[in-house]
Every structure is written in structure tokens, then in C-alpha cells.
Amino acid sequence: MERSWALAALVALAVLSSGCVIIEDGEVGVSKSFGAISDEPVGQGLTYQFPVLRTVETWNVKLREIKETAQVPSSEGLIVGLDSSLLFQIEPEQAPTIRKTIGRNYLEQLVIPYFRNGLRDVVAGHIVKNIYSESGRREIATQLRDFLTENLEPRGIRIVDVLLRDVKLPQKFRESIELKLTAEQRVQQKQFELEQARKDAEIEIARAEGAARAQEIVRSTLSDSYLQYLWIKTLNENPNVIYVATEANMPVFRTMQESGKK
């Protein structure tokens, strides 16, 4: 009899142990009883489930990443390879609703189809040059994030970010784009040099106009008296120079050596 009670206790303990479910950080539980899914998620901690009466599924609500490599057409119809990532997570309170309306395969049935469709539609509105440029990739990522936010967040999927990791173009086309960008940079450099040359020319003209103005001022202020003063000053500073008057009252300067030779 005692053995029977002991065996029954062990069986009961095993049943209870197998019925324990631990909901960890970053998870929620979805409870189902007699086939009906509860609207309220099960929070973190220890909970119990019993066959038929109550079962609890654990759902990951941490940040997750989906990577996608796709061949998508540009607005010119050229095929571009894109490596992209979608960062998302399930809203914890929406886990029971997702389980009811979509099921556990919500990635394959909801998230990935919208991600691929949005990627094709958004890229199709851009030319290859924009897709290749950094600013163009940022714009595409923003548009795609807005598209996914509009379509997935009402269903309980929160979009965190969309990343375009790499753009793959045909080799010849990529080389032509790089050559075109290099040519545009050269044109910009030449434009800068032309503007700089114009500035330098304006500076030289201003200097020349200033020098001409200064000479004009000097000529307008010279007088016979001032010239005579300069002659006298020159004679005082150079004792070996003699002054010979002329009929036109213009000075002729001769050194003493030149006078002695004659």
C-alpha cells in the first residue's frame, strides 16, 4: 500500500514538473485552453500547463534581425543586387493576437513578404545612381522603414530600423558611374579654380587702380617750389654733385669726376 502511494506521488510530481513553464526575460507566454487562445499574454516567471486544460507557448519578443539578399530592378529597368537587414520585434501585448490571426509562422507569412515587396517597390522608384550613392541608400532605407511601419505595426510588429548593407551593380556599369562621378568632381574643381582666378584678377585690378590713383595724387601735388626743394636737398646729400642752371630752368646734375674729365 505504501509503495502504491509513493508511486502515485512520484507520478504526480513528474506530471507537475513536466507541466512547469518558465517565461524568461525577453519572452511572453501565449495561453491556450481547450483550443481557445487567451487575449492576455503570460508574463515573466513560472507558470503551469496541463494537457488539454491549459498549454502555454513561449514567444520571443526580443530585437530580431532578418537578412535579405534580393535582385531588384531600378527605375531604368536595370537589375541591382541589394543586401539588406530588417530590425524588428513583437509587441509583447500583441503576441496573443498574432498567434490567433497569423500563427507561429508569422515571419514567413507576414514579415518577410512585406519586407521583400517593400524593397522591390521602393527601389523601383530610384535610378541606379541614387541607389549607388550613400545619400540615396539612406533615402531608400527611410522610405522602406516607413512602408513597413505603416503595414506591420498595426499587426503588432514594431519596426526598429532598416539597413542597406551593400549594393551590387554590374561591373561595367559600376565603373561608368565611378568615371562619371570623377568627371563631375573634376568639373567642380575647375569651377573652383575659375572662381579663384577671378578673385585673384579682381585683387590685381584693385591694386593697379590704387597705384594709378596714388601716382595721380602725387603728380597733382608736385610744384616748382617743391621740385627746387628736392634739388637743394639732393645737393646737400651729395657734395660731389654740382648743379648747372639751364635756360629752361631745368637742373643738370654732374658729378665732380665727370667735370674733371672734361
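Laboratory data are not the source of any read-out in this text; all were calculated from the coordinates shown. Remember, predicted model here, so these are calculated numbers, not experimental data. All Cβ positions, even for glycine, are placed from backbone atoms using ideal geometry, and neighbour counts span all protein chains on display.
A few comments on the model shown:
- Gain in span if fully extended, D200 to K168, counting 0.36 nm per residue against the direct Cα distance: 7.0 nm
- The trypsin sites (Lys or Arg not before Pro) of segment 61-142 that meet both conditions, a loop assignment by DSSP and at most 13 other Cβ atoms within 10 Å of the site Cβ, are K62, R104.
- Taking θ as phi - 60° and the Karplus parameters 6.51, -1.76 and 1.60, the scalar couplings of segment 163-169 work out to 10, 9, 7, 7, 10, 10, 10 Hz in sequence order, x denoting glycine and proline.
- Residue order, fewest to most surrounding Cβ atoms within 10 angstrom, among D146, D39: D39, D146
- Entries in K62/K168; K67/K180; K129/K190; K32/K67 that, when Cα-Cα distance is taken, lie over 25 Å: K62/K168; K67/K180; K32/K67
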